[in-house]
Amino acid sequence: MESYYWEGCEPEGSVLRSAFRELDRGESRGKVIESFLFLLRSGDIVAVGIALDYYKVAEISSLRAGSEPGLAEYSQEVLEVARAVLDGGPSSASLSPLVGKGANYASALHVMVNTATLEDVDVLVSHMSDPVSPEVRNLAIEASGGVLWRYEAGDSRLLSVLKGIALGEAEVYVDRVSALGAIGASRLPAAVGALVEATEDADVRIQAHAALQLSEEDIVGEYRNLLENLAENWGDDAPFPAEEVRSALQDD
């Protein structure tokens, strides 16, 4: 069974293991739902993590197929379970050797990318500011972008932390790019202003990623002069995604 953070892991105990194997076999929808819910509601760290990953796999598969997620009716319960996981401590590295410490946090935040609300801002800020692992931080950044996308009013705390990551020269490059993407989900003046500020970064790669966010169809007209000046100054050998920015300017 495909799993993002619990590959090769099984819950302890014959009953939980039996439910896990039933879910893995997937012989009938009824048995799949029964096994999924049993694992989700078990309170066992590994079983719950496997259930959350299963939900996410089903969600992504449905989105790719353009169909309604098969487990959509349980989305609120899944969100509440994910919140409960994040309220507890991180799982030990021994429970998921391939992922390491905090695999339970990763599973929880992964399902929250498309479901987190303004109610979750505190926990997202916490996992961006003091993450148990790089993967957990990246997922918290992604989930924060989802919140900004779904709620026009946004949240000043999310934007402040994301801006600090995006513009922090000492931050990991991958995190900076992810933070720019999350900021780009918002059209609040503070968010767009952070993107404009990032186009002045010393790292041309960061300039280009910020410019790519500003080249979105609904705002590219307002920032065309800025983007054209950047594209001209970058030169022909500018790093990704400079060419994508230039293409967006040509298409507009």
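The values are calculated or read from the model by the stated rules, or taken from the named source; none is laboratory data. Please read these numbers as outputs of a predicted model, since none were measured by experiment. Ideal geometry is used to build each Cβ from the backbone, glycine not excepted, and the neighbour counts take in all protein chains shown. We work out accessible area using only protein heavy atoms, side chains counted, and drop any ligands, DNA or RNA first. Shrake-Rupley method; radii C 1.70, N 1.55, O 1.52, S 1.80 Å.
Computed with a 1.4 Å probe on the full set of protein chains, the accessible area for Ile45 sits at about 80 Å². Of the GluC sites (Glu not before Pro) found in the range 117-180, those that fall in a DSSP loop while having at most 11 other beta-carbon atoms within 10 Å are Glu152, Glu169. Over all pairs of different C-alpha atoms in the range 95-220, the reciprocal of the mean inverse distance, the Kirkwood hydrodynamic radius, equals 14.5 Å. Residues Thr115, Thr199 ordered from highest to lowest accessible area at a 1.4 Å probe: Thr115, Thr199.
To the nearest ten degrees, helix 29-40 and the longest principal axis of the Cα atoms of the chain are 80 degrees apart.
Asp201 contributes an accessible area of around 20 Å² to the protein surface, as traced by a 1.4 Å probe with all chains present. Between the labelled values [x] 41, 23, 14; [y] 38, 19, 16; [z] 24, 22, 22, the entry that holds semi-axes √(5λ) of the Cα gyration tensor in Å as derived from this structure is [y]. Among Val147, Val161, Val172, the largest mean-square fluctuation in a Gaussian network model of the chain (Cα springs under 10 Å) belongs to Val172. Measuring with a 1.4 angstrom probe and ignoring ligands and nucleic acids, Lys163 comes out at about 80 Å² accessible.
Average accessible surface for the range 134-195: 42 Å² per residue, computed with a 1.4 Å probe over protein heavy atoms with every protein chain in place.
Helix 103-112 and the long axis of the chain differ in direction by around 60°, with both axes built from C-alpha atoms. Of the residues Ser14, Gln76, His110, the one whose Cα sits farthest toward the positive end of the charge dipole of the range 12-127, with +1 on the Cβ of Lys and Arg and -1 on the Cβ of Asp and Glu, is Ser14. Accessible-area rank, largest first, for Trp234, Trp149, Trp6: Trp149, Trp234, Trp6, with all protein chains present and a 1.4 angstrom probe. Once the Cα-Cα distance is subtracted from the 0.36 nm per residue extended length, the Glu222 to Ser61 segment shows a gain of 54.3 nm.
Each peptide among 236-243, 79-86 gets the average number of other Cβ atoms lying within 10 Å of its residues, and from highest to lowest they stand as 79-86, 236-243. Grab the beta carbon distance between Ala170 and Glu73, set R0 = 51 Å, and tell me the FRET efficiency rounded to 0.05. For R0 = 51 Å, the calculated efficiency reads 0.70.
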